[in-house]
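Following: one structure in structure tokens, then a few remarks.
The values are calculated or read from the model by the stated rules, or taken from the named source; none is laboratory data. Predicted model only: the values in this text are computed from it and were never measured. Positions of Cβ are generated from backbone atoms using ideal geometry, with glycine treated the same way; all protein chains shown enter the neighbour counts. The accessibility values were calculated without ligands, DNA or RNA, using every heavy atom of the protein model including side chains. Shrake-Rupley method; radii C 1.70, N 1.55, O 1.52, S 1.80 Å.
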Amino acid sequence: MILFFHPSSLSSQNNTLSLLLIHTASNSPLVAFGDLQSEPIILSHGHDHAQSLPLLLEEILSNTPSNATISAVAVCIGTGSYTALRIGITAAKMIALSWSIPLIALQTSMIYAHHLSLSFPSQHLTIILETQRNTLRLETFAPANPFSPSPHLMLTPPEILSTLQSQDYIVSGDALHHFHDLPSSNPPPENIGKAALLAALSLPQSHRAFIKDTHAIDALAPVYFGDTPS
């Protein structure tokens, strides 16, 4: 994959964080641009991530207002398909490195946790995600802290139900179709791009890295973050 961009609209003078988001953790690649003050631009189409992502990036950059600034690039690092995540992470690293802007690494679970925390700020949050295995990934978040999950567990659906029986929880994630009657709240599929962008914009500084040192960014956003044991 070869990407050619010219950061003519970039500026470090703007104190408002404006993000270019790359999300390849779902079946269709998605890109978005926005900040916390305005309605974001969100584009998604196609199912071949390697073919569609460069076209989406070209399209969103051509539709970005001429006076806009891009402060950082955010990328979803999983869980998700190995190949799709690798395509998105590689593109994000290339853009951040060539433009000398921070890269923000966003876990899939944080998207759902941040979305939940807006409506349930005092609740413990449980996120259940699909994996490439026969088990599901379960992560929990303390109230009002959607960016610091507890160590994840790899469990079967019955094991998850047994684990949740003794907890006061609200559930979200992309694996809820395995369950019925759980107290849950998911962003609508058409709003996942906006939910991801808002989560990335709200991440603390510790989740950002300037790519002057490639080792620092490899630690922040590895080529694959998925259902491998931590």
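For GLN165, what is the net charge nearby, where nearby means another residue's Cβ is under 14 Å from its Cβ and Lys, Arg count +1, Asp, Glu -1?
Numbers: positive: none; negative: GLU159, ASP168, ASP181.
Neighbour charge sum, excluding GLN165 itself: -3.
Over the stretch 33-73, accessible surface divided per residue gives 53 Å², non-protein components excluded, 1.4 Å probe. Segment ALA142..SER119, full-extension length gain: 6.9 nm, with 0.36 nm per residue of separation and the alpha-carbon distance subtracted.
Computed packing ranks the peptides 66-78, 129-141 as 66-78, 129-141, most packed first, by mean other Cβ atoms within 10 Å. What the phi angles of the stretch 31-38 give under the Karplus curve with 6.51, -1.76 and 1.60, with θ = phi - 60°, is a coupling list of 10, 8, 9, x, 9, 7, 9, 9 Hz, glycine and proline written as x. Using the Karplus relation 6.51 cos²θ - 1.76 cosθ + 1.60 with θ = phi - 60°, the per-residue 3J(HN,Hα) values for the stretch 130-144 come to 5, 9, 8, 10, 8, 10, 10, 9, 10, 10, 10, 10, 6, x, 6 Hz, with x marking Gly and Pro. Between SER185 and LEU97, the modelled labels are 4.1 nm apart [label points 7 Å from Cα along Cα→Cβ]. Summarising the amide proton neighbourhood of GLY78: residues at separation of 5 or more, or on other chains, whose placed amide H is nearer than 5 Å comprise THR108. Here the Karplus relation 6.51 cos²θ - 1.76 cosθ + 1.60, evaluated at θ = phi - 60°, turns the backbone of the stretch 108-125 into coupling constants of 4, 4, 5, 4, 5, 5, 5, 4, 5, 5, 5, 9, 10, x, 9, 9, 6, 10 Hz, with x for every Gly and Pro.
Summarising the label geometry, the points placed 7 Å from Cα in the beta-carbon direction at GLN167 and ARG133 lie 1.7 nm from one another.
Tally up the carbon and sulfur contribution to the accessible surface of the stretch 49-124 as a whole percent, 1.4 Å probe, everything protein left in place. Provide the component values of the computation, followed by the final result.
Values: 1480 of 2750 Å².
Here carbon and sulfur together make up 54 percent of the probe-accessible area.
The accessible area of LYS194, taken with all protein chains in place and a 1.4 Å probe, comes to roughly 80 Å². Solvent exposure of TYR112, expressed as accessible area, is near 30 Å², computed with a probe of 1.4 Å over the protein chains only.
Between SER150 and ASN63, what is the FRET efficiency for a Förster distance of 41 Å, r being their Cβ-Cβ separation, to the nearest 0.05?
Working: r = 39 Å, r/R0 = 0.96.
It comes out at approximately 0.55.
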